[in-house]
């Protein structure tokens, strides 16, 4: 490809709305252009990178035994109602109406469609296992699209769905996809690592996210360097002990705490109740019903854990206007010892199990209760791990300190079980002739997000540093003089033709621009290897090879092609 024949609108200045480095470089390097919030047009170089990532994905998916299909992006709402996700996923669903006034859903994912397909086509254990995948456009109604391709309204995703005869067979399919994902991200040049994860609105009972470490990532991950444990903060647990038990003490005693409405205020003089001896009482509205949540005063509630453990579809903190009629007091004086209405569930964090000599609100403004025993004085509906892990806590597996870092999610694998197959009737006859639901798994990779994650992880002060496997072009030939028939241009054309004949993806910068402009653009875009041909070096019988981010390498002109080929071979991802 000749530079003059394509379209590469590089920018010197960063657009004002670009927040993170990868978003800035996507725009400055001329890979994408923004149409409006959450919607981007891929330009020629961006398309080349995108197709390379897609090709790597296809090769690994095919190699793992998956077969490619292509499903409609426009989907009837009845299958979403049948699965139950018409309500649970309503916040992200785009809904449109046709000319007859009928409603349709724009696909954010395809569990319902693929399960409907399986229900109509699979009827015997002899047809299983099967794993179907697609690479297609998806739509999600992001309220606040941001960070370029990281959180967009329209994006490209690879989604795959496995169907098996048993849980054991489903785990084998899961492992194949897990291993394929490991290879995919390695081939893309990404340092991605798997972490235990919450299953969210997709559901299921087992999942891992593949994360790329990045300070600008939207996810937080807890990990242990000693044993390798890693989990999304929404799923992570630690080895912290439960609250130390003390003598059960006397009866519950009410005491005045005028103006005290925070954990910190109660811990100060004259009360002096340490945060770890306080019970923090939260009121939430979960699926339209009020619930009480108890955690230790020095802990923070993890809402995702709460929803996952209780099965809540939607949850939010209750307002003071909802709390006062329920418990008789404002936030800051709440508890679960007295005046808890019948039928209101009380969920407590496991760290409080067995705790006594605790202090909590009295459900009366300006008063608290002391000598509280969880076992004796509080009717707990269920105990769950509801707290958020913090850095430095002991790993639950080996006891070493946990660390927390930010990361970008690029892939997610789920073991779904029979959630969708039962609701959408994806059934098969087993060897005994009995009807059984298929055991499913689903596996997603954000293709457009992966492109940006590579940039976020591989860049420097001058621009992008593409891995060879996904670079728009592996080599940029840069003649410093482009006059037709000049020695520099003749040699550039010769090297360009010979590399092309060897299957190397190469771009020839035939623009009549100053050398500095050409070099800056090549570095900004991030071509892995630049071949500069100037009159001075040519007078010495040399050309200059410059790996992106590496040292200049003068080589004999007659060896240029062989040296380029050797460099590419040595720098390809496995």
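The values are calculated or read from the model by the stated rules, or taken from the named source; none is laboratory data. Everything numeric in this text was worked out from a predicted model, so none of it was measured. Every residue, glycine as well, gets a Cβ built from its backbone with ideal geometry; the counts of neighbours run over all protein chains shown.
Structural remarks
- Residues of region 421-444 that turn out to be in a strand (DSSP E or B) and either in contact with a helix residue (DSSP H, G or I) (Cβ under 8 Å, 6 or more places away or on another chain) or within 16 Å of residue 128 (Cβ to Cβ) (or both), as a count: 11
- Selected residue (criterion: farthest from residue 342 (Cα to Cα)) from residues of region 287-296 that are surrounded by fewer than 21 Cβ atoms within 10 Å (Cβ to Cβ) and in contact with a strand residue (DSSP E or B) (Cβ under 9 Å, 6 or more places away or on another chain): 287
- Qualifying residue in region 494-505 (condition: in contact with a strand residue (DSSP E or B) (Cβ under 6 Å, 6 or more places away or on another chain), buried (at least 20 other Cβ atoms within 10 Å of the Cβ) and closer than 19 Å to residue 48 by Cβ): yes
- Evaluation of residue 290 against the conditions (1) over 30 Å from residue 90 (Cα atoms); (2) part of a strand (DSSP E or B) shows that the sole unmet condition is (1).
- Strands (runs of 3 or more DSSP E) enclosed by region 145-227 - at least 3 residues per element that are modelled with pLDDT of 95 or more and more than 21 Å from residue 50 (Cα to Cα): 154-164
- Any chance residue 344 is more than 23 Å from the chain's Cα centre (by Cα) and part of a loop (DSSP other than H, G, I, E, B): yes
- Region 366-420: number of residues that are at positive phi and either in contact (Cβ under 8 Å) with a residue 24 or more places away in the chain or in a strand (DSSP E or B) (or both): 4
- Complete set of residues in region 514-528 that are without any contact (Cβ under 8 Å) to a residue 60 or more places away in the chain and surrounded by 16 or more Cβ atoms within 10 Å (Cβ to Cβ): 518, 519, 520, 522
- Scope region 103-132; condition out of contact with any helix residue (DSSP H, G or I) (no Cβ under 9 Å at 6 or more places or on another chain) and surrounded by fewer than 16 Cβ atoms within 10 Å (Cβ to Cβ); matching residues: 120, 123, 124, 126
- If the condition is being buried (at least 19 other Cβ atoms within 10 Å of the Cβ) and in a helix (DSSP H, G or I), then region 539-560 contributes only 560.
- Inside region 445-471, residues that are within 24 Å of the chain's Cα centre (by Cα) and either in a loop (DSSP other than H, G, I, E, B) or over 30 Å from residue 527 (Cα atoms) (or both) make up a count of 5.
- Among the residues of region 135-149, the ones that are under 16 Å from residue 66 (Cα atoms) and surrounded by 19 or more Cβ atoms within 10 Å (Cβ to Cβ) come to 1 in all.
- Filter result for the condition that a residue is in contact with a helix residue (DSSP H, G or I) (Cβ under 6 Å, 6 or more places away or on another chain) and within 29 Å of residue 346 (Cα to Cα), over 374, 369: 374
- Residue count, region 111-132 (criterion: in a strand (DSSP E or B) and within 32 Å of the chain's Cα centre (by Cα)): 3
One line per residue, one yes/no per condition, for (1) under 26 Å from residue 241 (Cα atoms); (2) assigned to a loop (DSSP other than H, G, I, E, B):
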| position | (1), (2) |
| --- | --- |
| 306 | yes, no |
| 322 | no, no |
| 333 | no, yes |
| 337 | yes, yes |
